[in-house]
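Read the structure below first, then the notes.
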Amino acid sequence: MTTENAVEVSNLTKHFGEVVAVDHISFQVKKGELFGFLGPNAAGKTTTIRMLTGVIKPDEGTASILSYDILREGLKTKQLMGIVPEMANAYVDLSAWNNLMLIGELYGVPKRQRQERASKLLKEFGLYERRKNLVKGFSRGMKQKLLLCMALINEPQILFLDEPTSGLDVESQRLIKDMIREFNKNGKTVFLTTHNMEEANQLCDRIAIINHGKIATIDSPERLRLRSSGLQSIEVSFDRAVSVDELSKVHGVKEAKKTGDKIRLYVDEPGVVLDKLVDFARSKRVKIISINTLGPTLEDVFLKLVKES
Amino acid sequence: METNLYWGQFKRSFAIVKKNVRIYYSKGPVIIFGLLVPFFLFLSFYIGRNMPAEALVPGLLGMTAFFTATSVGPAIVPWEARARTLERLISSPISIWTIFLGDVLSSFFFGALVSVFPVIFGLFIGVRIADPLILGLGIVLATFCFACFSILLSAYPPTDSPASVMMLSSMIKFPLVFISGIFIPIEELPAWGKTISSISPLTYFTDWQDIPYKAIVIIQLSLT
Ligand SMILES: Nc1ncnc2c1ncn2[C@@H]1O[C@H](COP(=O)(O)OP(=O)(O)OP(=O)(O)O)[C@@H](O)[C@H]1O
Ligand SMILES: [Mg+2]
């Protein structure tokens, strides 16, 4: 067991009845790394996080966090973690302040420190003025920020975040992302899950792509992007039927596919192809009704990567 | 190190108690099942009967201690499962026993606190207590046992519905009241009733109260 890894997972598996939620996954996260777990719904992201944070027991396999085994030394690993669970809530019948005090006490943070840290965190997240209000009256974004404060009150060495920005507005998303980067800057490890490619791309040093409980690949965002180029596409519809074969001969189009009343064109450079499409429409005397450029969907990237591996 | 660990966990269970007191003592079902139901059950049983005060107070105290100490605990875990706060609690560095201890203690404090009222009521209507120390000890021991008992009741079946836990535990609690010597003296129960009453935790508290309360009755009787 090397000490430079913050998380070491080997053969971790979890079944729910017939469903294999997580299927013999193995990976390592280095100390100080910002590691992303990217996958579609039901991929097994939350199940993995719940096993690592000691909420549920794995059926098979082992994992250690900062060299402590999650099963045999559960309390020690938990002591070092900060956690923002996916569906969890703060206590709505307590004030923001009392929620923080409770979590601080559960982590054994002495009273003075607890209070200092709580004030500092609440100020950073813009919740200080509302600290005495019951969480019942908080908006979704405020609750999520409070959860992040609760995750940081014990000054963790490693932070686990399960879709920390889902359902939040742009400004709140940015604030949370900034806080995650700030936390990571001090050499501390972050493990986050998301189904948002862009978010993973902006934040993570490395990304693991997971689907159906299996890891397809682990790589840096840039290299993943390179591997998934060619998955850009243009979706276009005309006022009259147009031959798909002819469209696929337009310069720059790699493949054309009919999808409903639209046609999907896979391209490398959408900008160039757009011009050509307009020319094409003119020469055929058809009108373009709608046109959209689409980035690679997670499913596209995933399918491509699975095929490659 | 080991003792540090246990002491730390013990202290953390008080954080849980604080939370429970703040949140659950004032929840509707706790008030209903813990205070109102036993009170009216008691009233409906005693009204119209000509009971001496000395016989009335131990029964009232027993009922109060039993229902209050068992009303908070069972609801907490399902409540938190439903409110999605349990997951955060489990992922904190506390053992499952720390959570249970916190829940037991909060039930216990609730029961012990409310049990003071029937005692005061008793003093008010002129019932004298022969040995306050034994009575106090009895209340503490009994409410603590009831609190543990209620947490046991709530552990199975696991559910996230506070209402069904309340219903289930009431289905066990109510019959216990009738076989524990509060309304019907145990000597008058049929043989099978006596057997069942011996597994009811409430029986022992009713028995125990014979010492502080009955003693005074005997003394009073012998004086007159
Ligand atoms: N408690 C549970 N009981 C039964 N099945 C479960 C449970 N938790 C997860 N599953 C199943 O395990 C699979 C993986 O679920 P998981 O929540 O880990 O996905 P996810 O990657 O977090 O998805 P999402 O992006 O929707 O949050 C799903 O098929 C889900 O139905
Ligand atoms: Mg999830």
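The values are calculated or read from the model by the stated rules, or taken from the named source; none is laboratory data. Being a predicted model, the structure only gives us computed values, none of them experimental. For neighbour counting, all protein chains shown are included, and Cβ atoms are generated from backbone atoms with ideal geometry for every residue, glycine included. Only protein heavy atoms, including side chains, enter the accessible area calculation; ligands, DNA and RNA are left aside. Shrake-Rupley method; radii C 1.70, N 1.55, O 1.52, S 1.80 Å.
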**Message:** Quick check for you: with a 1.4 Å probe and neighbouring chains kept, what is the accessible area per residue of region B:80-135, in Å²?
**Reply:** 47 Å²
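Exceeding 26 Å between C-alpha atoms, which entries from my cross-link table qualify? They are A:LYS76/B:LYS11; A:LYS254/A:LYS304; A:LYS76/A:LYS214. If you can, show how the numbers build up before the last one.
On the way: A:LYS76/B:LYS11 17 Å; A:LYS254/A:LYS304 15 Å; A:LYS76/A:LYS214 28 Å.
Check vs 26 Å cut-off fails for A:LYS76/A:LYS214.
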**Filter on A:LYS136/A:LYS188; A:LYS132/B:LYS27; A:LYS57/B:LYS19 - keep pairs with C-alpha separation over 24 Å** = A:LYS136/A:LYS188; A:LYS57/B:LYS19
**Average partner coverage of B:22-28, which counts Cβ from other chains inside 10 Å** = 2
**Item:** Accessible area (Å², per residue) of region A:227-297, counting only protein heavy atoms and a probe of 1.4 Å
**Value:** 60 Å²
**Asked** 222 nm [θ] for chain A, helices only, -39500 (n - 2.57) per DSSP H run of 4+, per residue, to 500?
**Response** -11000 deg cm²/dmol
**Prompt:** Among A:LYS188, A:LYS258, A:LYS177, which one shows the biggest mean-square fluctuation in a GNM of chain A, springs joining Cα atoms closer than 10 Å?
**Reply:** A:LYS258
**Item:** Choice from A:LYS123, A:LYS214, A:LYS284 showing the highest fluctuation, given a GNM over chain A with Cα pairs closer than 10 Å
**Value:** A:LYS284
**Prompt:** Which net charge results for the neighbourhood of B:LEU152, defined as the other residues with beta-carbon distances under 15 angstrom from its beta-carbon, given Lys and Arg at +1 and Asp and Glu at -1?
**Reply:** 0
**Message:** Taking every DSSP beta bridge with both residues inside the protein assembly as shown, roughly what % is antiparallel (nearest 5)?
**Reply:** 70 percent
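Within 14 Å, Cβ to Cβ, of A:SER64, how many net charges do the neighbouring residues add up to if Lys/Arg are +1 and Asp/Glu are -1?
+1
Hey, with R₀ at 22 Å, roughly what FRET efficiency would B:TRP97 and A:ILE56 work out to, going by the Cβ-Cβ distance, to 0.05?
With a Förster radius of 22 Å, E is 0.75.
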**Message:** Could you tell me how far the Cα centroid of region A:170-205 sits from the Cα centroid of region A:33-92, in Å?
**Reply:** 17 Å
**Request:** Using a 1.4 Å probe over the heavy atoms of the protein chains, calculate the carbon and sulfur portion of the accessible area of the protein assembly as shown as a whole percent.
**Result:** 59 percent
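Estimate the FRET efficiency between A:ASP178 and A:HIS251 by the formula 1/(1 + (r/R0)^6), using the beta-carbon distance for r and 35 Å for R0, to the nearest 0.05.
0.25
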**Fill in**
Residues of region A:55-87 with backbone N under 19 Å of the label point set 7 Å from the Cα of A:HIS15 along Cα→Cβ are A:56-62
**Request:** Would you mind checking the tilt of helix A:170-185 against the longest principal axis of the Cα atoms of chain A, expressed as 0 to 90 degrees and rounded to 10?
**Result:** 60 degrees
**Prompt:** Local charge sum around A:LEU80 (other residues, Cβ-Cβ under 14 Å, Lys/Arg +1, Asp/Glu -1)?
**Reply:** +1
**Fill in**
Note, region B:58-73: 3J(HN,Hα) by Karplus (6.51, -1.76, 1.60, θ = phi - 60°), whole Hz, Gly/Pro = x, goes x, x, 4, 5, x, 4, 4, 4, 5, 6, 5, 5, 9, 8, 7, x
**Item:** 10 Å-binned pair-distance histogram of region A:5-219 (Cα, whole percent)
**Value:** 8, 35, 36, 18, 2
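May I ask for the accessible area buried between chains A and B, both sides summed, probe 1.4 Å, to the nearest 100 Å²? List each step's numbers first, then the result.
On the way: alone 16040 and 12200 Å², together 25930 Å².
The contact between B and A buries close to 2300 Å².
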**Burial order of peptide ranges A:233-242, A:158-167 (average beta-carbon count within 10 Å, highest first)** = A:158-167, A:233-242
**Fill in**
Mean other chain Cβ within 10 Å across B:91-99 is 6
**Message:** Using a Gaussian network model on chain A with a 10 Å cutoff between Cα atoms, which of A:ILE218, A:ILE180, A:ILE288 fluctuates the most?
**Reply:** A:ILE288
